[in-house]
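**Student:** Take a look at the following structure, please.
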Amino acid sequence: MKHILSKKNLGKVFCSVAWVGLVLTVACLSGCGLDSPKVLSDVDTAMGTVITQKIYLKKPVKTKKENGDALPTEEILGLVGSLERERISFRIPDAELARINEAFADRDPIAGDEPDVVKLSPQMEEILTRCLEISEASDGAFDITIGSVARLWNVDEWADPPKTDSEAAYPLPSESEIREKLDTSGYEKVTVKDHGIILSPGMSLDLGAVGKGIALDEILQYLKGQENVEGAVISAGGSILTYGTKPDGTAWNVGIVDPMSTDQSLGILTLTGQWCVSTSGDYERYVEVDGVRYHHIIDPETGYPARSRVKSVTVLTRDGFLSDALSTACFILGRDKGMELAEKYGAEALFVDQDGEVAMTEGMRQYFNFAAKEK
Ligand code: AMP
Ligand code: MG
């Protein structure tokens, strides 16, 4: 099942090439033949990003051509596709998140419209509850109610692939437009109770900061139910899952992109067993307008792309949601507060600042090794 790479997807594909290349290269270097019938490899797109998979099986499986069932790689792509379509997309009108946003889009409190409760699926209730917790813990740096402000910047569309141009090509939102949208946002104005949600009028939720991590958690559940899977390394955009063991017993090697030079590796995380690694960086999606970089991670206090001096932050946890949420939160909070937040959750974090300086939590040192610099 090969997905066609549409023009729209290509930018994201190019952004992720460094990750994909590194992960696959590392996987191959560590001693597995790509043509082994017990190893499944796939690079595809889903959820608007590149999904790379390498799955090690205990016994070879028949492909569909050989009248076998769907391969685990195919089932995983299906899972990620449904997660987006049915649950977490704000763009696909039938997705649960889009329906929640729609329900509160036109409500007019001045006309006396009562805020109805929109019922939540158990999965969405858990996602939203966890998001609100991270908002509290990060003092509002992480805030999924940023949707209407984020749409104003429209960086996801502009930066596809990242471009440099003048303001004529990318008209930036005005201060008053940003203020107006900021006024309708704020996680404190969200009520989740009795398996339902109430948003304030005009508010729009955006799960872009946690979507890949949630996908990794679903993939993890799937893999745990597969007796024949010995180990796997799977990446969804800037988030990577390692699971189980490699047949040769060697560790998983996960590359971290050097944000100062995104075609190079900053270093490698050496991991055994189940881990989730997420990176948020100002190089992932951006436009440069008249010399200023506008990226996709918004500071809810200002409504502008965060200016925390962080260029990228990588978070390592056992849980996909948490690694993805924390990487976005830490990017906005900056190094010192971000480090505190990561430690509060028992996560490891590595920051690269605007000058290329690297700082990491004490625990990260046992997993991370710098790459030898290319001359
Ligand atoms: P990530 O690349 O995981 O850091 O997520 C960035 C995405 O999260 C953006 O493209 C937006 O969809 C969304 N986002 C931007 N700013 C915030 C924020 N302050 N809190 C939560 N989500 C955000
Ligand atoms: Mg994130």
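**Student:** Can you tell me the Rg and the Dmax, both Å, for the Cα atoms in the stretch 61-159?
**Tutor:** Over the stretch 61-159's Cα set, Rg and Dmax evaluate to 18.5, 64 Å.
**Student:** Expressed in whole Å with the largest first, what are the equivalent ellipsoid semi-axes of the chain derived from the C-alpha gyration tensor as the square root of 5 times each eigenvalue? Please report the intermediate quantities before stating the final value.
**Tutor:** On the way: eigenvalues 225, 125, 77 Å².
Sorted largest first and rounded, they come to 34, 25, 20 Å.
**Student:** Going by a ≥ b ≥ c, the root eigenvalues of the Cα gyration tensor, does the stretch 189-304 fall in the rounded group (a/c under 1.5), the prolate group (a/b larger than b/c) or the oblate group?
**Tutor:** Because a/c hits 1.5 or more and a/b fails to exceed b/c, the stretch 189-304 counts as oblate.
**Student:** Going highest first, how would you order 325-333, 280-288 by mean Cβ packing within 10 Å?
**Tutor:** Those peptides, ordered most packed to least, come out 325-333, 280-288.
**Student:** Mind listing P(r) for the stretch 132-265? All alpha-carbon pairs, 5 Å bins, whole percents.
**Tutor:** Histogramming the stretch 132-265 at 5 Å steps yields 2, 8, 12, 13, 15, 14, 13, 10, 7, 4, 2, 0 percent.
**Student:** If you take the Cα atoms of the stretch 172-236, find Rg, then find the Kirkwood Rh from the mean of 1/r over all pairs, what is Rg/Rh? Please report the intermediate quantities before stating the final value.
**Tutor:** Details: Rg = 18.8 Å, Rh = 15.6 Å.
That ratio is 1.21, to two decimals.
**Student:** So what's the back-of-envelope 222 nm ellipticity for the chain, counting only DSSP H runs of four-plus at -39500 (n - 2.57) apiece and dividing by all residues, rounded to 500?
**Tutor:** Helix contribution divided over all residues of the chain: -10000 deg cm²/dmol.
**Student:** Under the rule of at least 5 residues apart or a separate chain, name every residue whose amide H is placed under 5 Å from the amide H of THR164.
**Tutor:** Amide H neighbours of THR164, under 5 Å, 5+ apart: GLU288.
**Student:** Short version: what are the Cα gyration tensor semi-axes of the stretch 239-305, square root of 5 times each eigenvalue, largest first, in whole Å?
**Tutor:** Listed largest to smallest, the semi-axes of the stretch 239-305 are 33, 14, 7 Å.
**Student:** Among PRO122, PRO259, PRO300, which one shows the biggest mean-square fluctuation in a GNM of the chain, springs joining Cα atoms closer than 10 Å?
**Tutor:** PRO122
**Student:** What residues qualify as long-range amide H neighbours of ASP319, i.e. H under 5 Å apart, gap of 5 or more or another chain, H built at 1.01 Å from N?
**Tutor:** Placed amide hydrogens put CYS276 under 5 Å from ASP319.
**Student:** Given a 1.4 angstrom probe, I'd like the percentage of the accessible area of the chain that is carbon and sulfur, rounded to a whole number.
**Tutor:** Taking all protein chains in place, the chain shows 51 percent carbon and sulfur surface.
**Student:** Quick one: angle between helix 320-333 and the longest Cα principal axis of the chain, in degrees between 0 and 90, rounded to 10, please.
**Tutor:** For helix 320-333, the angle is close to 50 degrees.
**Student:** Can you order the peptides 145-151, 261-267 by their average number of other Cβ atoms within 10 Å per residue, highest first?
**Tutor:** On the way: 145-151: 23.0, 261-267: 17.1.
Put in order of decreasing packing, that is 145-151, 261-267.
**Student:** Can you tell me the 0 to 90 degree angle between the C-alpha axis of helix 122-137 and the longest principal axis of the chain, rounded to 10?
**Tutor:** 70
**Student:** Using a 1.4 angstrom probe, figure out how much accessible area the chain has per residue, in square angstrom, rounded to the nearest whole.
**Tutor:** Values: 17050 Å² over 375 residues.
Accessible surface, normalised per residue, equals 45 Å².
**Student:** Taking the chain as the reference, fit the longest principal axis to its C-alpha atoms, fit the long axis of helix 72-82 to the helix C-alpha atoms, and give the angle between the two in degrees, 0 to 90, nearest 10.
**Tutor:** Tilt relative to the chain: about 0 degrees.
**Student:** Tally Lys/Arg at +1 and Asp/Glu at -1 over every other residue whose Cβ is under 14 Å from the Cβ of GLY303; what's the total?
**Tutor:** Charge balance near GLY303 sits at -4.
**Student:** Between the alpha-carbon centers of the stretch 321-368 and the stretch 194-258, tell me the distance in whole angstrom.
**Tutor:** 18
The values are calculated or read from the model by the stated rules, or taken from the named source; none is laboratory data. This one's a predicted model, so the numbers in the text were calculated from it and none came from an experiment. Glycine also receives a Cβ, built like all others from the backbone with ideal geometry; neighbour counts cover every protein chain displayed. Surface areas here come from the heavy atoms of the whole protein model, side chains and all, with no ligands, DNA or RNA. Shrake-Rupley method; radii C 1.70, N 1.55, O 1.52, S 1.80 Å.
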